[in-house]
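The structure under discussion appears below in the form of structure tokens.
The values are calculated or read from the model by the stated rules, or taken from the named source; none is laboratory data. Since we're looking at a predicted model, the values are computed, not measured. Heads up, the Cβs are rebuilt from the backbone with ideal geometry, glycines too, and the neighbour counts pull from every protein chain shown. What goes into the accessible areas is simple: the full protein's heavy atoms, side chains included, and nothing from ligands, DNA or RNA. Shrake-Rupley method; radii C 1.70, N 1.55, O 1.52, S 1.80 Å.
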Amino acid sequence: MAHVSAQSAVPAVTVVLSAALVRLFPGCEARQDVAAADVAGLLDVLDARWPGMRDRVRDSTPAIRKHMSVFVDGRRARLDTPLRDGGTVYILTAMSGG
């Protein structure tokens, strides 16, 4: 097994997806482990597992869609928000009502 220095290691985070997002992708689990350096990389990993998921979360500008919220360790995040090893990322759909 090759040794990887702490500086070059990609952070491993726990991702929690909204139920609405999980329903769109058969076999997708609401909680999963992902290794990525930032939110954009995390979406790339999820999209590799479930094609089309990235486009549900981000738009073509690219930015996180207005009806989606991403939180990294409890703070609202953008695509360039870095991830830390052992962190938690929530990807939520906006609530609406009237």
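Structure values in brief
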| item | result |
| --- | --- |
| Single unsatisfied condition, residue 29 versus (1) in a loop (DSSP other than H, G, I, E, B); (2) at pLDDT below 95 | (2) |
| Hey, residue 38 over 23 Å from residue 59 (Cα atoms), in contact with a Ser or Thr (Cβ under 8 Å, 6 or more places away or on another chain) and at pLDDT 95 or above or not | no |
| Verdict on residue 56 being open to solvent by 30 Å² or more (accessible area, probe 1.4 Å), in contact with a strand residue (DSSP E or B) (Cβ under 8 Å, 6 or more places away or on another chain), in contact (Cβ under 8 Å) with a residue 12 or more places away in the chain and assigned to a loop (DSSP other than H, G, I, E, B) | no |
| Cβ pairs under 7 Å, 6+ apart, first in region 37-51 and surrounded by 16 or more Cβ atoms within 10 Å (Cβ to Cβ), second assigned to a helix (DSSP H, G or I) | 43/54; 43/57; 46/53; 46/54; 47/53; 47/54 |
| Answer from 16, 22 - the residue that is closer than 16 Å to residue 94 by Cα, of a type in the set (A, V, I, L, M, F, W, C) and not in a helix (DSSP H, G or I) | 16 |
| All positions within region 69-78 that are under 25 Å from residue 27 (Cα atoms) and buried (at least 17 other Cβ atoms within 10 Å of the Cβ) | 69, 70, 72 |
